[in-house]
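Everything below concerns the one structure shown next.
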Amino acid sequence: MAELQSCVGLGQVRFTLNQLPLPLNDTYIRALERIEGPRCANTKCVLQWLCFCIEPLTLDALGEVVAFTG
């Protein structure tokens, strides 16, 4: 998360983590809402493949999916 990358010290890390929405689902929604422009379509495609594939995808296979569908 970008917010955590910019933290200096444990106090800032704790403060930033306390600002996250409590339900994990809200945290995911917050992260997805930050995806902009052309990356949004690719992200949606990747997430669909990851969620609905029959067996786990390797990073190489996922790269092929994006290249093929993008």
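The values are calculated or read from the model by the stated rules, or taken from the named source; none is laboratory data. As the structure is a prediction and not an experimental result, all values here were calculated from the model. Cβ sites come from the backbone with ideal geometry, for glycine too, and all protein chains shown count toward neighbours. Surface areas here come from the heavy atoms of the whole protein model, side chains and all, with no ligands, DNA or RNA. Shrake-Rupley method; radii C 1.70, N 1.55, O 1.52, S 1.80 Å.
Tabulated values for the structure
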read-out	value
Share of carbon and sulfur in the accessible heavy-atom surface of the range 2-70 [1.4 Å probe, %]	62
Rough spin-label spacing in nm, given labels placed 7 Å along Cα→Cβ, for A31 and C45	2.1
Cα long-axis angle, helix 37-52 against the chain (0 to 90 degrees, to the nearest 10)	70
Mean ellipticity per residue at 222 nm, deg cm²/dmol - from DSSP H runs of n ≥ 4 across the chain, formula -39500 (n - 2.57)	-21000 deg cm²/dmol
Surface per residue (accessible, 1.4 Å probe) for the chain, Å²	87
Spacing of the two label points (7 Å from each Cα toward its C-beta) at L22 and L57, in nm	3.5
